[in-house]
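Here's the structure, in structure tokens; my notes come after.
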Amino acid sequence: MTKILITGALGQIGTELTLAMRERYGASEVICSDIKDTCPEGPISEGVYEVLDVMNPQAIAATVSKHKVTHIVHLAALLSAVGEAHPARAWEINMGGLFHVLEVAREAKTAVFTPSSIAAFGPGTPVDNTPQDTIQRPTTMYGVTKVAGELLCDYYHLKFGVDVRGVRFPGLISHEALPGGGTTDYAVHIYYDALKKGSYTSYIAAGTYMDMMYMPDALQAIMTLLEADAARLKHRNAFNITAMAFEPEELAAEIRKHIPGFVMDYDVDPIRQGIADSWPNSLDDSVAREEWGWNPVYTLETMTSDMLKQLKNKGIGNR
Ligand code: SER
């Protein structure tokens, strides 16, 4: 029996993961939780919703016990750009929240999934085809919390036998909930502006490569890794995964195939550009492919067609 609690479930990933997991494991088996007082109307409100602040360990323990939770998918965290604006808060929430979740998991013997990120790498890391196991000296607070989080997850597995698993997500592109304060968000906003205005001003400079992934592949990654045979996992946490790597001009060119007059210009934000410059250009995800069969479906081409189609269906823009 699987009973899943998702924290931060009203964010960019959780909004879609909640529905995908309800479809896969049964509507009553997935508890959506977030710090917001109410769950927004829509399909997500059709299942159980719990108000849950991950900074409150008693509340996490009570929710786990109330619903007899077997798996916690811990998503509540601040992203990179917000983290640079509020480093102390990022440390507190990202590390505090994870620590509380792991402690509850240890006590209640639940499994945990929590994502790391390409942000766990830094300027000293090989930038192309970045290996699974390599130098990790990030220069953002978000990245610091991601590396420390990876280590903490490994520790809870080694020391206490908690079944903790995780991936290093690249920038995630989706059409349901917007990302909140990341560096890779430009690759989401560009689709909205392309449809609404026929143009986009990028805060990331031309030529800046970053790994990216379309949300359906990200959801599949979480569920496949959760279900993977533990015996096959030599790594457990922080698997490099990617689906594509591109820079803004390549993304714009792909959009232009659908919206021929699309214009892109630049107003580079030095903070987010600095963050992007400190991250890899492209990850090597062969270890995830070997150990649990990671195999993304979407390319830049198929993602772009689908993003534009989905956003048009929602009535975004008129192009
Ligand atoms: N998408 C995230 C960010 O930009 C990276 O994990 O912060």
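List of remarks:
- Within the chain, DSSP assigns beta bridges of which about 10% are antiparallel (rounded to the nearest 5).
- By the compact-protein rule of thumb, 2.2 N^0.38 Å, the alpha-carbon radius of gyration of the chain corresponds to a ratio of 0.96.
- Helix 215-227 axis, angle to the chain major axis (alpha carbon atoms, nearest 10°): 20
- Take every pair of alpha-carbon atoms less than 8 Å apart whose residues are at least six positions apart; their mean separation over the length of the stretch 68-129 yields a relative contact order of 46 percent.
- Estimated inter-spin distance, Asp277 and Leu178, nm [label 7 Å along Cα→Cβ]: 2.7
- Straight-line cross-link reach from Lys36 at under 26 Å between alpha-carbon atoms covers these lysines, not counting any fewer than eight positions away in the same chain: Lys3, Lys66, Lys68, Lys146, Lys314.
- Rounded to 10°, Cα long-axis angle of helix 300-313 versus longest principal axis of the chain: 90
- Relative contact order %, the chain, counting alpha carbon pairs below 8 Å whose residues are six or more apart: 18
- Karplus-derived HN-Hα couplings along the stretch 52-62 (A = 6.51, B = -1.76, C = 1.60, θ = phi - 60°), whole Hz, x at Gly and Pro: 9, 9, 6, 7, 10, x, 5, 5, 5, 4, 5
- Cα centroid of the stretch 69-148 to Cα centroid of the stretch 172-196, whole Å: 21
- The stretch 119-267: antiparallel DSSP beta bridges as a percent of all, rounded to 5: 25
- For the stretch 31-62 versus the stretch 203-260, the gap between their alpha-carbon centres in whole angstrom: 27
- Each Lys and Arg contributes +1 and each Asp and Glu -1, all at the Cβ; summed about the Cα centre of the chain, the dipole is approximately 540 debye.
- When each of Thr299, Thr139 is scored by the number of other beta-carbon atoms lying within 10 Å, the sequence from fewest to most is Thr299, Thr139.
- Relative to the dominant Cα principal axis of the chain, helix 186-197 is inclined by about 50°.
- Between Asn313 and Asp128, the modelled labels are 3.8 nm apart [label points 7 Å from Cα along Cα→Cβ].
- Positive-end residue of Leu308, Ser278, Leu158, charge dipole of the chain with Cβ unit charges: Leu158
- Across the stretch 124-140, rounded Karplus estimates of 3J(HN,Hα) from the backbone phi angles (6.51 cos²θ - 1.76 cosθ + 1.60, θ = phi - 60°) give x, 7, x, 7, 9, 6, 3, x, 4, 10, 7, 5, 10, 10, x, 10, 10 Hz, Gly and Pro being marked x.
- Once the C-beta distance of Val268 and Lys196 is scaled by a Förster radius of 25 Å, the resulting FRET efficiency is 0.70 to the nearest 0.05.
- Value of [θ]222 nm, deg cm²/dmol, for the chain, DSSP H segments ≥ 4, -39500 (n - 2.57) each, nearest 500: -13000 deg cm²/dmol
- Amide H contacts of Ile31 (H built 1.01 Å from N, under 5 Å, at least 5 apart or other chain): Ile4, Leu5, Ile6
- Straight-line cross-link reach from Lys109 at under 15 Å between alpha-carbon atoms covers these aspartates and glutamates, not counting any fewer than eight positions away in the same chain: Asp163.
- The stretch 116-235, relative contact order in percent, only Cα pairs under 8 angstrom and at least six apart counted: 22
Bear in mind these aren't lab numbers, they're just calculated from the coordinates by the rules spelled out. No experiment lies behind these values; they were computed from the predicted model shown. We place every Cβ from the backbone using ideal geometry, glycine too, and count neighbours over all the protein chains shown.
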